[in-house]
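The values are calculated or read from the model by the stated rules, or taken from the named source; none is laboratory data. The structure displayed is predicted, hence computed values, not measured ones. FYI the Cβ positions are ideal-geometry reconstructions off the backbone, even for glycines, and counts take in every protein chain you see. Note: areas computed on protein heavy atoms with side chains; ligands, DNA, RNA excluded. Shrake-Rupley method; radii C 1.70, N 1.55, O 1.52, S 1.80 Å.
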Amino acid sequence: RGSCISSIPRIASAAKDHEHDIHNARPSNPVYTGPKFNSLLGQNVRKYCFGKPNQKLLIKPSKKNVKAFLGEVQETIRQLRAARQDVLIGQLNPKILGWANYHRHVVAKDTYSKVDHVIWQKLWAWACRRHPTKPRRWIHRRYFGTVENRQHVFQCNVVNRDGEKRLLKLRRASDVGILRHNKLRGEANPYDPGFEEYFEKRSSLKMEMSLSGRRKLRYLWRRQRGAVSYLRRTHYGNYAMACASPRASRGWGFRSIYEPLAAAPGLSQATPC
């Protein structure tokens with residue numbers, strides 16, 4: 001009994017060392033750490049661990065959100081099982097682009113490819129149902145084609161109101177590029193004149209990526225009678241798109257819409273409307 005009691009400290013020390021080795025070991029596959037379910041607004045927020053010093057937070061579209069989106073696509077295809085191909089494409093394109101743009105800021109490229117594959121399978125079943133007696137080659141030539149070196153594209157030819165033919169194709173979720181968030185520099189100060197160009201570049205990027213920014217560009221284009229389209233093709237495009245004046249030198253007011261034109265050499269100043 002005395003020998004057993006005396007061996008307890010040694011056993012505890014060995015167990016502690018063993019636990020330390022297991023904790024610091026680098027597993028071959030990433031280990032998920034965190035709560036079992038952590039879904040927020042259709043996205044999963046999970047932290048993966050490749051060992052203690054290597055931890056990475058990945059945000060992906062949740063399985064529930066992907067399943068709901070594919071169910072909505074399936075319901076649209078079922079309701080339009082007897083409709084024309086251009087009508088079906090016109091109903092699916094806004095849904096696909098809207099869903100893909102919502103998840104474009106997270107890790108979603110692999111999910112986009114899987115969603116595109118599932119949608120293609122549903123459309124293939126839709127086409128085969130319409131022509132049960134036709135061979136598969138005929139169905140493929142009728143509803144699918146090659147567009148810009150990409151095969152098996154769900155597409156058709158439509159006629160505009162002017163009588164011109166154009167190609168209408170189904171948009172793919174994988175065509176939406178992943179847009180990473182640009183962090184704000186910690187030392188940047190909007191009231192410091194030295195960071196004026198930095199904040200104007202950030203404003204120009206936000207204008208190009210957002211719908212409200214593109215509306216503001218159209219407003220400037222109308223007020224300056226097309227001069228902004230010239231400025232956007234030059235190095236002075238950032239000044240044309242940053243219509244709000246820097247807070248450091250001009251306070252909280254708005255810069256004159258004719259001021260950016262003076263920065264472009266060889267371009268005459270526009271006259272007020």
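Consider residue 151 carefully, then state whether it is in a strand (DSSP E or B), under 24 Å from the mean Cα position of the chain (by Cα) and surrounded by fewer than 12 Cβ atoms within 10 Å (Cβ to Cβ).
Here the answer is yes, as residue 151 does meet what is asked.
Please verify whether residue 121 is loosely packed, with under 12 Cβ neighbours inside 10 Å, more than 14 Å from the chain's Cα centre (by Cα), modelled with pLDDT of 95 or more and part of a helix (DSSP H, G or I), treating the condition exactly as stated.
Yes: the conditions hold for residue 121.
Test each condition in (1) closer than 16 Å to residue 170 by Cβ; (2) of a type in the set (A, V, I, L, M, F, W, C); (3) open to solvent by 50 Å² or more (accessible area, probe 1.4 Å) for residue 126 and report the one that comes out false.
(3)
Cβ-Cβ under 6 Å, sequence separation 6+ or interchain: first residue in region 102-115 and within 12 Å of residue 69 (Cβ to Cβ), partner surrounded by fewer than 20 Cβ atoms within 10 Å (Cβ to Cβ) and modelled with pLDDT under 95. Which pairs?
112/174
Scan region 150-158 and give yes if some residue there is modelled with pLDDT under 95 and among the charged types (D, E, K, R), otherwise no.
yes
Looking at 64, 60, which one is open to solvent by 50 Å² or more (accessible area, probe 1.4 Å), modelled with pLDDT under 95, touching a helix residue (DSSP H, G or I) at 6+ places or on another chain (Cβ under 8 Å) and under 30 Å from residue 125 (Cα atoms)?
60
In region 75-86, how many are in a helix (DSSP H, G or I) and surrounded by 13 or more Cβ atoms within 10 Å (Cβ to Cβ)?
Residues of region 75-86 in a helix (DSSP H, G or I): 75-79, 85-86.
Subset that is surrounded by 13 or more Cβ atoms within 10 Å (Cβ to Cβ): 76-77, 85-86.
The qualifying residues number 4.
On the basis of being of a type in the set (Lys, Arg), more than 16 Å from residue 77 (Cβ to Cβ), surrounded by fewer than 17 Cβ atoms within 10 Å (Cβ to Cβ) and modelled with pLDDT of 95 or more, does residue 95 make the cut?
no
Pick out the one residue from 137, 166, 161, 141 that is loosely packed, with under 10 Cβ neighbours inside 10 Å, without any contact (Cβ under 8 Å) to a residue 24 or more places away in the chain and assigned to a helix (DSSP H, G or I).
137
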